[in-house]
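Engineer: Below is a structure I'd like to ask you about.
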Amino acid sequence: MQDASLPRPALLGIDLGTTNSLIAVWQDGQARLIPNALGEVLTPSVVSLDDDDTILVGKAARARLTTHPERTAAAFKRFMGSDRQIELASRHFSPQELSALVLGSLKQDAEAFLGHPVSEAVISVPAYFSDEQRKRTLFAAELAGLSVTRLINEPTAAAMAYGLHEQKFERTLIFDLGGGTFDVTVLEYALPLIEVHASTGDNFLGGEDFTAALLQACLKHWQLTPSLIDAQSMASLCDALEQLKCKLGEGTQQLSWRHADRSFEWSLDEAAAVKIWEPLLARLRAPIEQALRDARLKPRDLDNLVLVGGATRMPAVQQMVATLFGRLPYRHLDPDTIVALGAATQAACKARDGAVEELILTDVCPYTLGISTMRGEGIKGAFSPIIERNTIIPTSRVERYHTTSSRQEVIRIAVYQGERPWVRDNIFIDAFDVTLTPSDHIQALDVRFSYDINGLLEVDVTLLETGERHSHSIDRSPTGLDAQSRQASHERLSSLKIHPRDTLPNRTLLARLERAWTQSLGEERQRIADWLESFTTVLGGQRSDEIAGHRSQLNKVLDELRL
Ligand code: AMP
């Protein structure tokens, strides 16, 4: 029981995004966004190793993507769950280590805002994240010194925030397109109950792919080979294309880029962009159709459509959704912040905090989980589902299997996730062996899958003949990594120096000015060089009021120039 004299832990919700991350707190009966050291609520999920080898996270790091691409990493959430190593100036980091640095920065912001240490949070993940990806997210939190009270699916978090605003009974489809992932969730509000009926998605489709498609198209237009472009020029082109993509709704955009002493120009309007994006827009349709089919609904049965995620700001995406459903989506809540607000709302629900005590949420397992079996006479590798997709969670399901011969001494339980009939086409999760007691006949065994509300799986095998039970929590460690690599991650991160939070606003402005200088030419470049010099001089004077005044003036000018 909790000691009444101790302060209650802060009710925090974190949206750990591919492009941006946010942290919110439940306070005085509502979810509030917490500002970072720059006073902004969106912290770019970008990590950079500064010139003095300190770690920079957020806007300063994002500015360095252009000026120091070899020391900077972005969009690493896309590799979460893989063994990919990301190199920053010859140091190697895993996606979960980089995510831990982002979480650590959000944790610092929350501590500065609340005035006391924080240790736990609800963290959102894409609904379609696999078991492995969820475990690595938990490990990232552990590395950042946060215990996770719950992993919540991003569209479900959005549904919670939205549910508090619209107290109506409605069948809603949540269309969540972030920087790197796409989720579709169909749910029903019967307040206080929010019931998720179906969740599907694509873990490798997001706004970044739309930028990548523009990159391919313009390089093709200029007849340039990507491998012959140096990292810094490429980073500057990607940056310019990202900005162009975000401004397409305002009309035709011109792009100028310099490379190898040549100037390149490209002009693009919305219609031409839609042509380039056709294959990506088509890929958005399949998960929508599957979610509706699984929820046994037709588009006309939906009462509402909600867009979540920064990439739903693209007119091309809004247009596609409006055409598919024959109606305009609901856009009253900010698609960038709704997930973090929902995660904090979930933290409050879990803690049974006043205003949300009544909200009850049921979620589903978005993919089918099963094991590899033999089909017919010796055809190996058939996928036998145990928990079917869109089963309400938590759930526990059991299926009975038999050995294939009486002489069998061992049975291998290989667990897969996916929707295809053969395991080779699905995602391998884990495998383990169960030793059988010798017998002269075919033996039966029950395989039970238990899937919890965080989306984590446990497997139990019971041999019917002896009653012997083998319990296997997938991956043995709760994080999907062995003890040695976990320890190595802890050591690697604790040896890093993090850039002091209080000097981040100055460091960020310097990084922005350097980026602006790289991106501009001629007179504009000269003007930026003058600003860089004047700000460096003011910094040298160490007068905090003067520094703050100069900084806010220059930030304003850069904002106006969109640099
Ligand atoms: P999120 O992961 O939800 O922060 O979404 C990030 C993605 O949204 C990135 O791919 C951004 O390029 C994209 N995005 C943000 N704002 C806009 C905008 N105004 N127009 C087009 N895409 C945007």
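The values are calculated or read from the model by the stated rules, or taken from the named source; none is laboratory data. As the structure is a prediction and not an experimental result, all values here were calculated from the model. Cβ atoms come from the backbone with ideal geometry, glycine included; neighbour counts cover every protein chain shown. All accessible areas refer to the heavy atoms of the entire protein, side chains included, with ligands and DNA or RNA removed. Shrake-Rupley method; radii C 1.70, N 1.55, O 1.52, S 1.80 Å.
Engineer: Answer yes or no as to whether Gly81 is at pLDDT below 95 and within 13 Å of the chain's Cα centre (by Cα).
Structural biologist: The answer is yes for Gly81.
Engineer: With the structure loaded, tell me whether Ala548 is surrounded by fewer than 17 Cβ atoms within 10 Å (Cβ to Cβ), out of contact with any Cys (no Cβ under 7 Å at 6 or more places or on another chain) and not assigned by TED's automatic domain parsing to the domain that holds Ala37 or whether it fails that test.
Structural biologist: When the stated conditions are applied, Ala548 passes them.
Engineer: Continuing with this model, one more query. I'm told Phe210 meets every condition in (1) within 16 Å of the ligand (Cβ to nearest atom); (2) part of a helix (DSSP H, G or I); (3) open to solvent by 20 Å² or more (accessible area, probe 1.4 Å) except one. Can you identify the failing condition by its number?
Structural biologist: (3)
Engineer: To continue, here is another question. Please work out which residue is least open to solvent (accessible area, probe 1.4 Å), limiting yourself to the stretch 304-324 and to residues that are away from the ligand (no atom under 14 Å from the Cβ) and in contact with a helix residue (DSSP H, G or I) (Cβ under 7 Å, 6 or more places away or on another chain).
Structural biologist: Leu305
Engineer: Suppose we filter Val557, Val538 for residues that are under 35 Å from the mean Cα position of the chain (by Cα) and part of a helix (DSSP H, G or I); which single one remains? Step through it out loud before you land on a result.
Structural biologist: Details: Val538 fails: under 35 Å from the mean Cα position of the chain (by Cα).
Of Val557, Val538, the one residue that is under 35 Å from the mean Cα position of the chain (by Cα) and part of a helix (DSSP H, G or I) is Val557.
Residues are listed down the side, and each one gets a yes or a no for (1) within 12 Å of the ligand (Cβ to nearest atom); (2) buried (at least 22 other Cβ atoms within 10 Å of the Cβ):
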residue	(1), (2)
Ile174	no, yes
Leu177	yes, yes
Thr181	yes, yes
Pro192	no, no
Gly201	no, yes
Leu215	no, no
Pro226	no, no
